[in-house]
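**Q** My structure is below; once you've seen it, I'll send some questions.
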């Protein structure tokens, strides 16, 4: 039988998890808006990919460095999210670098 104290503890834990999820969703929304704004130009898209990829890699490092059950996990990362951040970070930085090389080749070819 669950005690009232246990029920309150669960509610507090659920509220903390919801708060972390809202921080994560707010960050993702801001990140998407920045991506739409920077997609207007070639250099902006390249900057978005490289900068965003570095942010994702920083989130990956943060996620593996902290205890996921501690208060330091204010973003709400988990093991699956850590590997997603790593994969996105590497892919985005790679795309940003590839876009820069492609653009440089096109400039040389047209001159």
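Bear in mind these aren't lab numbers, they're just calculated from the coordinates by the rules spelled out. Predicted model only: the values in this text are computed from it and were never measured. Glycine also receives a Cβ, built like all others from the backbone with ideal geometry; neighbour counts cover every protein chain displayed.
**Q** For residue 26 and residue 101, what is the calculated FRET efficiency with R₀ set at 35 Å and r taken between the beta-carbons, to the nearest 0.05?
**A** Efficiency computed from Cβ-Cβ geometry: 0.55.
**Q** Next question. Using a Debye calculation, one point per C-alpha and no hydration shell, please list log10 I(q)/I(0) for the stretch 25-84 at q = 0.20 Å⁻¹ in order.
**A** -0.79
**Q** What ranking do 25, 69 get, fewest neighbouring Cβ atoms within 10 angstrom at the top?
**A** Lowest count first: 69, 25.
**Q** Sticking with this one: Would you mind calculating the gained length between residue 84 and residue 65 on full extension (0.36 nm times residue separation, minus the Cα-Cα distance), in nm to one decimal?
**A** Between residue 84 and residue 65, full extension yields an extra 5.3 nm.
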